[in-house]
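Here's the structure, in structure tokens; my notes come after.
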Amino acid sequence: MADTIAAVATGGGVSAIGVIRVSGDDAITIVSKVFRPRSGRSMADYESGRLVYGELLGTDGAPIDLCLCTVSRAPYSYTGENTAELHCHGSPVVLAEGLRALFQAGARQAGPGEFTKRAFLNGKMDLSQAAAVIDIIEAQTEAAARNALGQLKGALFRRVEAVYSDLLDIRSHYFAVIDYPDEDIEPFELAEYRATLENNIGRLKALLATYDRGRVMKDGVLTAIIGRPNVGKSSLLNALAGYDRAIVSPHAGTTRDTIEERVRLGSVVLRLTDTAGIRETADEIERLGVERSRAAAEGASLVLAVFDGSEPLGEEDYSVIEAAKGARRCLAVVNKADLPRRIETDILKEALGEPLFVSARTGRGIEDLSQAVQDLFGMGEIQPDGEVLTSALQAEAVSRAASALERAREGLEAGLTPDAVLSDIEEAMNALGEITGRTVREDTLARIFERFCVGK
């Protein structure tokens, strides 16, 4: 018997509408105690899916809001249990009092992701679909939302399940031959087994190859803006953000600590860090800021090395070039393109590649910079159909499965009998089962659902 949980399913703060969600065996009975239809009937008497107008009652039994209520009976609900929703005015006071009334009537506070977890446990969705729910909620770009929707509709499940099914066929064939030697069962064809393993190794590696782009699509790109003082780093951040996020000043050393901001460039989200200007300084606080700048560049997935196009390269600029050379990915950005150009472009091109010319003041070249970032991470090539891996847990499981199948293939090629490689095949199946929920461990479940918000 499932106890009954309740939670506010909409965001915090004042809003036009607020939703309280209830799920469990006694959900309809409990809601009937705190919601009084204007018709005078009980909510237990209404069919599933019907929106009913009435009064929400507080803990003292007095009305606190006029709202709508709907119920869904098991198993035809999101969780697979009896559920109810109260659609109230979005006052935090009303929602809190309504929730307290539900607790008084017998419900308990839902934990993070508990509604979706119940949906998984009750067979309403597989684990990849459950993980996609939070991805939809957290999506920062259209591509991320479309990919998450594809996974919610079962695209990733089908791709993983196709490999799992092939491995299950191998395993089942082996045991059928062993357990029923007198039956007319086709003998083992090792060449066919090797071909099946090879094909599925390719499938898994192709899926795993999507993870780098998927991680960018989901989490964004950790990006450091570096440069000597007064080249326009803060101005560039403000231009990309679309508002004055960082202080801009003609005085060197204004930015003394890292400033962080999320900026969307097309299908890529940059987690931007504006850093202190890189230079030698006797100022202790500024020196610490410069050290943080160098550390930010070393830890970033992308470095935007900014230079002043209206001045020749100086000693401090060459220090920036050296810092940028060690970056995983780097784009040289020449700012102040609205002024006469005096910078040695050929030196930058040789050291860091073709530079991009922008004016943070006028906005010139910002679109070119946006496109260059998208091209750098190959985001324009992504077709977000739900088959792009975005979860580190899922990517790790696919990697383990591929490695296990490679060991099985190598074993067959070395002349081992099928039974000798069966353990590797089963290991691969278990790894894939962690994605769909076939063999999921409790600790894996906890890691997936701990990121959910309460009410989902």
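List the pairs whose first member sits in segment 5-16 and is within 11 Å of residue 453 (Cα to Cα) and surrounded by 14 or more Cβ atoms within 10 Å (Cβ to Cβ), whose second member is modelled with pLDDT of 95 or more and among the basic types (Lys, Arg), and whose Cβ atoms are under 9 Å apart, counting only residues at least 6 apart or on separate chains?
Within 9 Å, the pairs are 7/21; 8/21; 9/21.
With the structure loaded, tell me whether residue 73 is among the charged types (D, E, K, R) and over 22 Å from residue 120 (Cβ atoms) or whether it fails that test. Let's see the steps before the verdict.
Details: among the charged types (D, E, K, R): yes; over 22 Å from residue 120 (Cβ atoms): no.
It is false that residue 73 is among the charged types (D, E, K, R) and over 22 Å from residue 120 (Cβ atoms).
When you scan segment 96-105, do you find a residue that is in contact with a helix residue (DSSP H, G or I) (Cβ under 8 Å, 6 or more places away or on another chain), closer than 23 Å to residue 204 by Cα and buried (at least 19 other Cβ atoms within 10 Å of the Cβ), even just one?
No, segment 96-105 contains no residue that is in contact with a helix residue (DSSP H, G or I) (Cβ under 8 Å, 6 or more places away or on another chain), closer than 23 Å to residue 204 by Cα and buried (at least 19 other Cβ atoms within 10 Å of the Cβ).
Output the residues belonging to segment 314-326 that are assigned to a helix (DSSP H, G or I) and either farther than 14 Å from residue 355 by Cα or in contact (Cβ under 8 Å) with a residue 40 or more places away in the chain (or both).
315, 316, 317, 318, 319, 320, 322, 323, 324
Looking at residue 302 and the list (1) modelled with pLDDT of 85 or more; (2) among the hydrophobic types (A, V, I, L, M, F, W, C); (3) in contact with a Pro (Cβ under 8 Å, 6 or more places away or on another chain), which single condition is not satisfied?
(3)
Would you check which residues across segment 36-61 are among the aliphatic types (A, V, I, L, M) and surrounded by 15 or more Cβ atoms within 10 Å (Cβ to Cβ) and list them?
Hits for segment 36-61 are 43, 52, 56, 57.
Inspect all residues belonging to segment 324-336 and state whether any of them is among the β-branched types (Val, Ile, Thr), within 12 Å of residue 227 (Cβ to Cβ) and either at pLDDT 90 or above or not assigned by TED's automatic domain parsing to the domain that holds residue 236 (or both).
Yes, some residue in segment 324-336 is among the β-branched types (Val, Ile, Thr), within 12 Å of residue 227 (Cβ to Cβ) and either at pLDDT 90 or above or not assigned by TED's automatic domain parsing to the domain that holds residue 236 (or both).
Inside segment 80-106, can you point out the residues that are under 16 Å from residue 2 (Cβ atoms) and touching a strand residue (DSSP E or B) at 6+ places or on another chain (Cβ under 8 Å)?
81, 82, 83, 84, 102
Within segment 282-293, identify whether any single residue is within 21 Å of residue 352 (Cβ to Cβ), at pLDDT below 75, surrounded by 21 or more Cβ atoms within 10 Å (Cβ to Cβ) and assigned by TED's automatic domain parsing to the domain that holds residue 339, and answer yes or no.
yes
Which residue, of 319, 359, is within 30 Å of residue 231 (Cα to Cα), crowded, with 17+ Cβ neighbours inside 10 Å, modelled with pLDDT under 90 and not acidic (Asp, Glu)?
Every option except 319 fails the conditions.
Are any of the residues in segment 148-164 among the acidic types (Asp, Glu), at pLDDT below 90, at negative phi and part of a helix (DSSP H, G or I)?
No: segment 148-164 contains no residue that is among the acidic types (Asp, Glu), at pLDDT below 90, at negative phi and part of a helix (DSSP H, G or I).
What pairs come up if the first residue lies in segment 327-352 and is over 21 Å from residue 364 (Cα atoms), the second is in a loop (DSSP other than H, G, I, E, B) and not polar (S, T, N, Q), and their beta carbons are under 9 Å apart, counting only those six or more places apart or on different chains?
327/300; 328/300; 329/300; 329/377; 347/313
Give just the number: which of (1) under 30 Å from residue 311 (Cβ atoms); (2) modelled with pLDDT of 90 or more does residue 435 not satisfy?
Answer for residue 435: the failing condition is (1).
The values are calculated or read from the model by the stated rules, or taken from the named source; none is laboratory data. The structure displayed is predicted, hence computed values, not measured ones. We place every Cβ from the backbone using ideal geometry, glycine too, and count neighbours over all the protein chains shown.
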